[in-house]
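First comes the structure, then the notes that go with it.
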Amino acid sequence: MIASILVTRSLGPERYGIYSFYISVVSFVGLFFRFGVFNSAGLLLVHTDNEKRIRKLIGTAFILGLVIGVVYSLFLTLSSWFIDEFFKTNVGSIIRYTSLLLIFFPLYYLITHLSRGTKRVEILALM
């Protein structure tokens, strides 16, 4: 709550609107790229007792999460050229500049589901 107040006051109305639109686009597009993969990985971990299989599932989920992150980032980069024209804004350049960092955005959701699946609540609390 305090961070929101500070961001709102420091950015001002116009730049806060750009910031909000950026967050909305990144979050909305992110919904389509998760498509239940991370939920499924967490559920598989809940029902697995074999330590070796748990490690394989976590490794596979991370690789899949990175692939999803790369595709997500590429999609945002390509669509950023059309976002400005369609919505009459200048958020596209911001998305292009941050697209490499956005590779890791889906991993946040992966880590939360994996920590639930492995019953490692301390990792979930850190996230």
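No lab work stands behind these numbers, since they all come straight from the coordinates. Since this is a predicted model, take the numbers as computed values, not measurements. Using ideal geometry, Cβ is built from the backbone for each residue, glycine included, and neighbour counts are taken over all protein chains shown.
Each 10 Å bin from zero up to the one holding the largest Cα-Cα distance in region 60-102 carries the following percent of pairs: 32, 43, 20, 6, 0.
How high is the FRET efficiency from ILE123 to THR8, r the C-beta distance, R0 30 Å, rounded to 0.05?
On the way: r = 31 Å, r/R0 = 1.02.
Calculated transfer efficiency: 0.45.
Straight-line cross-link reach from LYS119 at under 28 Å between alpha-carbon atoms covers these lysines, not counting any fewer than eight positions away in the same chain: LYS52, LYS56.
What 222 nm value per residue comes from the helices of the chain, counting each DSSP H run with n ≥ 4 as -39,500 (n - 2.57) and dividing by all residues, nearest 500 deg cm²/dmol? The partial results should precede the final answer.
On the way: 6 runs with 106 residues, N = 127.
Mean residue ellipticity, 222 nm, calculated: -28000 deg cm²/dmol.
For region 34-76, the calculated P(r), taken from all Cα-Cα distances in 10 Å bins from zero up to the bin holding the longest distance, is 28, 48, 19, 5 percent. Taking only the C-alpha atoms of the chain, the Rg (one decimal) and the largest Cα-Cα distance, Dmax (whole number), read 17.4, 54 Å.
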